[in-house]
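Take a look at the structure below.
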């Protein structure tokens, strides 16, 4: 027992300097609370912010507001709520998201991705249920940010992101078919995908040619301006022209005024929604879904902004900001808030210098609402539906979808599972199943990449031919006898590969005088793998076989020592050469532990 303790002491002494240095470096890399949660607005101000920067942010904010005005109303209508709630969300939620956010250029507001979730929640629990779920989602996001979960949300596999985005695009398109065609239904339009299509097919005899014409022309205008005048606000131009034409010629199409009675010219007073334990329990699944999707969308948007600008966002700060934005948005009757990729990209292209552009975008939207709210009553719903059709087409990521289908069978399975479940079942179910499949496939691939190589007799690296083309022999100084085996593990040694590698090592633990396991190419080792090697070491010790561990990093050593891979069961050496020299020289156990 004393010898074992001394052996452990020797091992720790050998790695003490490296371990202490690593610990100090680890502490140095740990960000402070301010570094994690300081809003980018403060960072920009500290770096120096002048009149030129302010002018650039004013122009960018106005540009984004022009784009966001029709989109916010269209998304709210598609979400099953009144258009004014979309404006409240963009004004209040967008302002808070930029004020507290961890990204310089993030634009917050209502997103097309939420239309499915919000519409389903509104149908089950009413508008009050949507507001309560949004408020609860805000609290969940704040908690996730403070718990630093933002770092892990970014690990969602790319096929899952593409799959649910494409699925949402299909659902958004289907949700706009009624307004695009002006179909009149006898009852309420179903929210599920297949029943919705069946109901719309049954109402084809009521198609309104005027609504179809307005929609087709609106889509054509938006598409044409994107090609020939990409700097022009094509969405706003199409909506305004559609409203003018419909009003001038008294076209028989449904408008915001005819369906919703117009838009208020002021923000409502903040108020808490009706709350009860039963109500909160009922909307809890929806609140979790809101929070999950808001986190994914906002962090994905922040990553896109980083790629466009070369900056780096603070993911956990961004989650806290989005949480606060959702909570405050709900206080004013708004719906879910998240970061918006298209509007964030527009903000960057318009020359934004900092978060003030996002805050000004909300201010301009408020001014539009206060001044031009009566004019919004003339906007035809077919034109707003055409806006969302364009949004769905853009967000579908068609090229990426095709690429993933061709890349590998694993990516295709994850993509299609997420895509189909999102459309035919539920968005949250699609994400969770896709993530689980992606994780299983990742474990399978990592296990396949982790290998164990037998090297007996061992030699140094193969030398090149000499000038005459003759092969230079191996370095025989490192060769050992055939009763000694050397194994080299490559790749992450974790639970997915522990069984296979453990079986190989266990099979030789009772047939040799000694064997060496080289960990020089192992960057990571988990508790399952360490426990497997601990059992191998114990068996070798019982059989009187010497086990040498070489090339293990301090972190790998600590894991092995914790799980019983300690002297005299195993001897640790820095290199294969040192271990082989000890084997050849018949080093004593005391020398091996020193």
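The values are calculated or read from the model by the stated rules, or taken from the named source; none is laboratory data. Note that this is a predicted model, so its numbers are computed, not measured. Neighbour counts are summed over all protein chains in view; Cβ atoms, including those assigned to glycine, are modelled from backbone coordinates with ideal geometry.
Taking region 76-101, which residues are farther than 20 Å from residue 41 by Cα and outside any helix (DSSP H, G or I)?
Going residue by residue through region 76-101, those that are farther than 20 Å from residue 41 by Cα are 76-89.
The answer is 79, 80, 81, 82.
Taking the condition within 40 Å of the chain's Cα centre (by Cα), assigned to a loop (DSSP other than H, G, I, E, B) and crowded, with 19+ Cβ neighbours inside 10 Å, does residue 536 pass? Taking the combined requirement at face value, the residue does not satisfy it. Criterion first (farther than 16 Å from residue 524 by Cα, modelled with pLDDT of 85 or more and under 47 Å from the mean Cα position of the chain (by Cα)) does residue 566 satisfy it? So residue 566 passes the test.
Can you confirm whether region 14-29 contains a residue that is modelled with pLDDT under 90 and surrounded by 17 or more Cβ atoms within 10 Å (Cβ to Cβ)? The answer is yes, given that some residue of region 14-29 is modelled with pLDDT under 90 and surrounded by 17 or more Cβ atoms within 10 Å (Cβ to Cβ). Candidates 369, 395: the one that is under 21 Å from residue 308 (Cβ atoms), in the same structural domain as residue 90 (by TED's automatic domain parsing) and either buried (at least 22 other Cβ atoms within 10 Å of the Cβ) or at pLDDT below 85 (or both) is 395. Set side by side, the residues 113, 90, 133 differ, and just one is under 20 Å from the mean Cα position of the chain (by Cα) and in contact (Cβ under 8 Å) with a residue 24 or more places away in the chain, which is 113.
Which of the following residues is exposed (fewer than 12 other Cβ atoms within 10 Å of the Cβ) and under 27 Å from residue 91 (Cα atoms): 269, 276, 218, 258? Walk me through how you get there before you give the answer.
Numbers: 276 fails: under 27 Å from residue 91 (Cα atoms); 218 fails: exposed (fewer than 12 other Cβ atoms within 10 Å of the Cβ); 258 fails: exposed (fewer than 12 other Cβ atoms within 10 Å of the Cβ).
The match here is 269.
When 238, 289, 248 are screened for being touching a helix residue (DSSP H, G or I) at 6+ places or on another chain (Cβ under 9 Å) and either surrounded by fewer than 16 Cβ atoms within 10 Å (Cβ to Cβ) or under 27 Å from residue 135 (Cβ atoms) (or both), only 289 passes. Applying the condition of being surrounded by fewer than 19 Cβ atoms within 10 Å (Cβ to Cβ) and at pLDDT below 70 to region 483-500 and asking which residue is farthest from residue 528 (Cα to Cα) yields 483.
If you check residue 174 against the conditions, is it within 22 Å of residue 113 (Cβ to Cβ) and under 21 Å from the mean Cα position of the chain (by Cα)? Spelling it out, it is not the case that residue 174 is within 22 Å of residue 113 (Cβ to Cβ) and under 21 Å from the mean Cα position of the chain (by Cα). Against the definition (in contact (Cβ under 8 Å) with a residue 40 or more places away in the chain, within 26 Å of residue 271 (Cα to Cα), more than 27 Å from the chain's Cα centre (by Cα) and in the same structural domain as residue 343 (by TED's automatic domain parsing)), how does residue 53 come out, yes or no? No: the conditions fail for residue 53. Being surrounded by fewer than 23 Cβ atoms within 10 Å (Cβ to Cβ) and modelled with pLDDT of 85 or more is a property that residue 419 lacks.
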